[in-house]
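What follows is a short report on a single structure.
The values are calculated or read from the model by the stated rules, or taken from the named source; none is laboratory data. Computed from a predicted structure; not experimentally measured. Note: ideal-geometry Cβ built from the backbone for every residue, glycine included; neighbour counts use all protein chains shown.
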Amino acid sequence: MHPTHVPLRVLTGAYILNSGINKLKTGTEEQEQMHGWASGVYPIFKDLKPGEFTKLLAYSEIGLGAALLIPKVPSAVAGAGLAGFGAALTGLYLNTPGMTQDDGIRPTAEGTGLAKDVWLVGAGLTLAMQSFLSGTKSAAKNVVGGVTGAAGAVAGGVTGAASSVGHGITDVFSSGSTKSKSGVSGLIGSAMSTAHDKREDLADALADLADSLVRR
């Protein structure tokens, strides 16, 4: 959990968790009222009894509240759940008769209680988007670092090989005709050894790049 997400997640999570716990204590009349509102907008709940629907809603809120409060739950996951829950409540507000004014958006006195739940959508999207953008930025840094390392390994390999060849040629000509044979052998051996070492450095750098991409 990023430190900047703590206030939003703690306050929102505590609110939703408490709401879910309180729903487990509701009476028959309240359960029937909540079930009637929800099933009128979302027909999938019509087959559930009022008590069953209330428990489902209560446990959903308890689970979502706990996810927001637990630091190990990624903000992207908690935020997506919060946005989805808020969107469901917003749909209930917009599609329930008498909740909105003639424009279909502004709440009536009866709809104010449901209209305020739109803040859950904004809070959830904020958590999810910030988490996603932060992860994208980190991945981009890893890619740049990996590419830079690979390019450095290639440049180092080419420079090292060229330097070894140059030194070998210098040694051949400086040793005279009697040592030309051994100078050529030393040149070939040195160049092959350097090329092998640099090739291993390049392979290691590319492996590190691939590993960083997979981890993201």
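Can you tell me which residue within segment 9-55, out of those that are aliphatic (A, V, I, L, M), loosely packed, with under 14 Cβ neighbours inside 10 Å and without any contact (Cβ under 8 Å) to a residue 24 or more places away in the chain, is farthest from residue 131 (Cα to Cα)? Ranking the candidates gives 44 first. Just a yes or no: is a residue in segment 73-81 assigned by TED's automatic domain parsing to the domain that holds residue 41, under 13 Å from residue 16 (Cα atoms) and hydrophobic (A, V, I, L, M, F, W, C)? So far as segment 73-81 goes, yes, one or more of its residues are assigned by TED's automatic domain parsing to the domain that holds residue 41, under 13 Å from residue 16 (Cα atoms) and hydrophobic (A, V, I, L, M, F, W, C). For segment 94-101, check the following and say yes or no: at least one residue is touching a helix residue (DSSP H, G or I) at 6+ places or on another chain (Cβ under 6 Å) and in a helix (DSSP H, G or I). Scanning segment 94-101, I find at least one residue that is touching a helix residue (DSSP H, G or I) at 6+ places or on another chain (Cβ under 6 Å) and in a helix (DSSP H, G or I), so the answer is yes. Quickly run through segment 59-77 and pick out the residues that are modelled with pLDDT under 95 and buried (at least 18 other Cβ atoms within 10 Å of the Cβ). 75, the sole residue that qualifies.
With 136, 126 as the choices, which residue is modelled with pLDDT under 50 and either assigned to a helix (DSSP H, G or I) or charged (D, E, K, R) (or both)?
The unique qualifying residue is 136.
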